[in-house]
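Notes follow the structure.
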Amino acid sequence: MKLNTNSNTYIIIYSTILVVIVAFLLAFVFQALKPMQDANVALDVKKQILYSLNIRGLDGAEAEAKYKEVVKSEEKAGDQLYYVCDIKGEKKYVFPLKGMGLWGGISAFVSVNDDLNTIYGAYFNHESETAGLGAEIKDSQEWQEKFQGKKIFSEDGKVAVAVVKKVENKDSEVDCVTGATLTSNGVSDMLRDGLKPYIDAIRK
């Protein structure tokens, strides 16, 4: 019996078989690549933690080795993970933070000195901020370095670190990214709301 390749039945069966084969192949490729993808994600997180500790410019193997050298333990404050590190004999804490920018999520790793009040370094990331504007929180190392040495708390114990349009308190404030007020506000909110719970938990 000769198949009628122009019939609706043939077309439906052929399409179904083709979809099943393609789905199987995609699933196979995904599973085969997943360990490599997971390893790349884990390495990227380690590099971001190192960036927050002012350690940059390392390739994959170098970053893995440096991470093992400086990150001494992973701890929890409630359900939030943070990292205890050693830089040239000095204890540093690295806190992961999450917030909202103009178009989507933003995140950061912020390292803090053992006094739990002085920022040692910071690295910011984003999901979809505007290139050349809000995306500068990630792309501008110079802007990130402005956070080094900033005080988190004022003398009365309130969170003072902030991103502002006009810096009035040089000890705690950083200039906002030009043309990216809402993204800068998101960074400021993330720092204000995210750092204190970690520090309060460690001080207890």
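Below is a table of values for the structure above.
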read-out	value
Alpha carbon centroid spacing (whole Å) that separates the range 14-69 from the range 130-204	30 Å
Angle in degrees between helix 8-52 and the longest Cα principal axis of the chain, rounded to the nearest 10	20 degrees
Chain lengthening between D44 and E64 when straightened (0.36 nm per residue, less Cα-Cα)	6.2 nm
0 to 90° range, to nearest 10: angle between helix 181-203 axis and the chain longest Cα axis	70 degrees
For the range 87-204: accessible area per residue (Å², 1.4 Å)	51 Å²
By accessible area with a 1.4 Å probe, ligands and nucleic acids excluded, highest first: order of C85, C176	C176, C85
Phi-based couplings in Hz for the range 164-176 (Karplus 6.51, -1.76, 1.60; Gly and Pro marked x)	9, 6, 10, 6, 10, 10, 5, 5, 10, 10, 10, 4, 5
For Rg/Rh (Cα atoms, Kirkwood Rh), calculated from these coordinates, the label among [x] 0.94; [y] 1.21; [z] 0.98	[y]
Helix axis angle, 60-70 relative to the chain longest principal axis, alpha carbon, degrees	40 degrees
With every protein chain in place, the range 94-134: carbon and sulfur % of accessible area (1.4 Å)	57 percent
Computed label-point distance, nm, for sites K88 and S128 using a 7 Å Cα→Cβ extension	4.2 nm
Under the Karplus curve 6.51 cos²θ - 1.76 cosθ + 1.60, θ = phi - 60°, whole-Hz ³J(HN,Hα) for the range 147-152, x wherever Gly or Pro sits	7, 4, x, 6, 8, 7
Cα coordinate range in the range 102-161, projected on the principal axes (Å, largest first)	37, 20, 15
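The values are calculated or read from the model by the stated rules, or taken from the named source; none is laboratory data. In this text, all values refer to a predicted model and were calculated from it rather than measured experimentally. Cβ: placed from backbone, ideal geometry, glycine included. Neighbour counts: every protein chain shown. For accessibility, only protein heavy atoms count, side chains too; no ligands or nucleic acids. Shrake-Rupley method; radii C 1.70, N 1.55, O 1.52, S 1.80 Å.
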